[in-house]
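Heads up, the thing below is written out as structure tokens.
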Amino acid sequence: MTAKEFINRIAHSKGDFLQEFLDMLEKTKTGFCAIGGLAVNAYAEPVVSLDLDVVIAADKTAHLLDALKKRYSVAEFPNSVNVTEPASDLRIQIQTDSRYQSFIKRAAHKKVLGYEMPVAAIEDVLQGKIWAAMDETRRASKRQKDMADIMRLVEAREDLISLVPESLRKRIFI
């Protein structure tokens, strides 16, 4: 079984929602990169997730959302847009917080669960996870996962520990 077949089986996908989404980004010439837990998988031992978090070029957002709404369920929130497909448990979350925009230009193509896509630089993935872990408005369970992802990144590249704020280091690296 290939990595793509594995993730599609876990997501109960009837088709290949992730590949369709990536193809749409390519067709609309939309700059983007993966930034969340699946991006962590590009640098550390993979963990299965049914969420793909991405940031897309801000100037392409409106055009892309119009195209997505024609094919998928789209829910807009203050700092994100969730895209789902009824025939798949995979969820795509587009981060609209402007802090993530600079991640796109530093991204590099990597393989994530069998899919080739731009992935934010490891330092940027770590920064996004730090922001998420320190966001008190997020559910505690989500912040715990973010802290685990920070630990995975630091274990993959120990020099990254210097980028983790002291307050988080004390909570993560007991």
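Just so you know, all these numbers are worked out from the coordinates, no wet-lab data involved. What you see is a predicted model; the values in this text were computed from it and never measured. For neighbour counting, all protein chains shown are included, and Cβ atoms are generated from backbone atoms with ideal geometry for every residue, glycine included.
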**Prompt:** What's the percent breakdown of Cα-Cα distances in region 3-121 across 5 Å bins, shortest bin first?
**Reply:** 2, 12, 23, 27, 21, 12, 3, 0
**Request:** Would you mind finding the longest exposed-site-free stretch of the chain, with exposed trypsin sites (Lys or Arg not before Pro) meaning DSSP loop and at most 12 other Cβ atoms within 10 Å?
**Result:** 30-138
**Message:** For Cα pairs less than 8 Å apart in space and 6+ apart in sequence, what is the mean separation divided by the residue count of the chain, i.e. the relative contact order in percent?
**Reply:** 23
**Item:** Helical mean residue ellipticity (222 nm; -39500 (n - 2.57) per DSSP H run of 4+; nearest 500) of the chain
**Value:** -12500 deg cm²/dmol
**Request:** Sort region 53-160 into rounded, prolate or oblate with this rule: let a ≥ b ≥ c be the square roots of the eigenvalues of the Cα gyration tensor; rounded if a/c is under 1.5, and if a/c is not under 1.5, prolate when a/b is larger than b/c, oblate otherwise.
**Result:** prolate
**Asked** Counting DSSP beta bridges in the chain, what percent are antiparallel, to the nearest 5?
**Response** 75
**Complete:** Residue separation between residue 173 and residue 73 times 0.36 nm, minus their alpha-carbon distance, gives in nm 32.1 nm
**Item:** DSSP beta bridge pairing in region 37-116, given as percent antiparallel to the nearest 5
**Value:** 70
